[in-house]
Amino acid sequence: MFKGTIKEMLDQFGSFEWNRGVYVTDLDLTFDTECVVIDDLDEEVVYDGVHDKIIMEKEYVDFLRIQDIMQVFNNLKAQGVNPSDELKLKAILYYYETDRFLEVTPQD
């Protein structure tokens, strides 16, 4: 399990397994938004109440799965962009809000 800010999650992104869930304290995402990354499909975690305790602690909201965010980043790279953290955040939010990938130009 990871607890931290969106910025810290982006910094450590490569260490998360694809099947983890990302939960945030506010859907108006900024780098300082608090988040958790947990294995919310692990029956033991859910059955033991760990999932509910974590989610209720700060009223986290279900955001995206790590695999969704991976797809967003892969799409940016496929467009020839080496994305900054700001562009990654913008692309994640765009995907969450529209269920579509952000189209960018290489200078973005």
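The values are calculated or read from the model by the stated rules, or taken from the named source; none is laboratory data. This one's a predicted model, so the numbers in the text were calculated from it and none came from an experiment. Here Cβ is always computed from backbone atoms with ideal geometry, including for glycine, and neighbour counts include all displayed protein chains.
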Looking at Ile38 and the list (1) modelled with pLDDT under 95; (2) surrounded by fewer than 16 Cβ atoms within 10 Å (Cβ to Cβ), which single condition is not satisfied?
(2)
Verdict on Asp108 being touching a Leu at 6+ places or on another chain (Cβ under 7 Å) and either at pLDDT 85 or above or farther than 13 Å from Tyr23 by Cβ (or both)
yes
Restricted to region 63-91, and to residues that are under 15 Å from the mean Cα position of the chain (by Cα) and loosely packed, with under 12 Cβ neighbours inside 10 Å, which residue is farthest from Thr25 (Cα to Cα)?
Asn74
Of the residues in region 92-108, those that are in a helix (DSSP H, G or I) and more than 14 Å from the chain's Cα centre (by Cα) come to Thr98
Consider Asp99 carefully, then state whether it is surrounded by 11 or more Cβ atoms within 10 Å (Cβ to Cβ) and among the acidic types (Asp, Glu).
no
